[in-house]
Amino acid sequence: MSPHSTRNTASSPPASPLRYLLRMARTQTARIALGFASLSISGTAWILLPWVISRVIDEIVAAGSAEPLRAWAVPLIATALASSWVFAVGYRCLFAAQTLTRVGTVRRLTDQLNTAGTGVRGRVSPGEMVNLSTEDPFKTGLFVFQLGFGWMGLVMLAVGTVVMWGLHPALGATAAGGSILIGFVAGPALSRLQHHQIAYRDRVADVTDMASDVVGGLRVLRGLGGERRFSERYRAASADLRDTGYRVAGADSWIQGLRISLPLALIAAVTWIGARLVLAGTITVGDLSAAFGMTALLAVHSGSLLALAQAYITARVSARRLTAFFATRSDIDLTGDRTGATGVLHDPETGLTIETGRLTAVVSAEGGPATAALERLARYEDSPATWGTAPLGEIDVDEVREGILLLGEDHLFAQTLGETLRAEPERALRALDTACAADVLSSLGSDLDAEVAAGGRNLSGGQRQRLRLARALAAEPEYLLAFEPTAAVDAHTESLIARRVAAAREGRTTAVVTSSPLWLARADRVAWLVDGKVRATGTHAELAGEPGFRRLTSRQEPR
């Protein structure tokens, strides 16, 4: 598969948030299994350590000397090491699994964006996209991490209950019943937390969306005098988010309070029962010490079960958003599998034909029809457009993306200049020269490793446009389709660019939507669109005899 493949290699989207969480965990099966095994050993050692100590206490008291300590030295050392070093192994495995699942989620989001393309537009807001790529991978990854510690808590509960039942059934029943009761008491609070988490997540997306909108349109808002009105709306939305956050914090505070108070109550209950059993002579002082130690450990790790439940609630809310996003589909058919396409590009809707190996200029008084025609020819939407003798819809989409490059107001990402151009240095410098963008390189310290800010904010409007053109030229596509690639430059620079592009792409297919006579003079063929249909084709000189065409392409008269 091409490195620029737009196909999503992931399997079909999960049907529910729970299935997504399970599928995500299965991608790290080996690490999670090793983490579970390590924490199981560590948890068993932790819960047995108080029992080993209690046996030492009883035998020392019975013998009246420290002699029994020698026999118990090996079990003491073994349980101490298992409860610490083995725990570290399990922690590292689960932390690695958490990190890799986060990375996997981000990669899958990227794959989904490549596959769905413009199908995402209008379905997922910019603010929601920010949260999908930042908060949600972290929360779903944290669930994997907490899953291991929840398992460790269950192992400790099972082992502790068995051991304490062996000391006395009342102790085992109290420990097990108390731990189960903690879950029942915390359940309603967890339900409230899920409800508030969903509402909070929705509000965060709305506020982030508003913030991203104002970043892109602040200058327009100021020009229209709408800055104050937006500020009031944003303040109201922020206040609503704050109030929703308070409700989340309220439910969360109950859970945190229960995590602390209920385990302490369980310790008190076991200690009281154990003390009475000691006074009655049913169990020894060492048994009481073991029961107290094991209950204290269970109390601490019963919090891990609540933490797991809390992490599951939070992860489920995020997974619900992720599964909804993964369910979005491309607005074009991706089932085409024909390869080896070649020949002219033809758009039946406008009658526009892009001949191979030539520079075609597309002239239209209205930019919309010409723009839409190039989008159809680049297969940005389904249409009857053809590539040679084959309908574009039947051709493998990866081959279309590899062979046909559509250049418009493409985004410039925060990365080095070399990474932006995506070509070896010699070809990158040649593309910059062809696009008359040498000043872009010099303004960044004449270094391809210099950083281009997100959106090209550290460049002027003309520099950004020429850098986009240079990036497209550096890709050396067989077919290059461009919208007004020199609209932001002066006439002298535009003339140089048109001449250099025509020379650099000689023998390749290029189409430019423009009415500039500087481009038209270099074009091998000109297509004139009127009312969304090709009115005439020919050279610039041939079409200049048409009054309507002449008015449209003359810079001395209004267009």
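Quick look at the numbers
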read-out: Charge tally in the Cβ shell below 10 Å around R376, where Lys, Arg are +1 and Asp, Glu are -1, R376 excluded; value: -4
read-out: Mean projected area in nm² (Cα convex hull; one quarter of hull surface) for region 128-175; value: 4.0 nm²
read-out: Length added when fully stretched, A536-A269, from 0.36 nm per residue minus Cα-Cα; value: 86.8 nm
read-out: Distance histogram for region 405-451 (every C-alpha pair counted, 10 angstrom bins, percent rounded to whole numbers); value: 26, 61, 13
read-out: Theoretical gain in end-to-end length, R329 to S442 [0.36 nm per residue, Cα-Cα removed]; value: 36.4 nm
read-out: For region 430-559, convex hull of alpha carbons as volume per residue, Å³; value: 125 Å³
read-out: Cα-based convex hull volume of region 364-496 per residue, rounded to whole Å³; value: 125 Å³
read-out: Hypothetical label at E394: residues of region 319-340 whose amide nitrogen lies under 13 Å (7 Å Cα-Cβ projection); value: 336-340
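None of the figures in this text is laboratory data; all of them are computed from the coordinates on show. Keep in mind the model is a prediction, meaning the values are calculated, not measured. Every residue, glycine among them, receives a Cβ derived from its backbone with ideal geometry; neighbour counts consider all protein chains shown.
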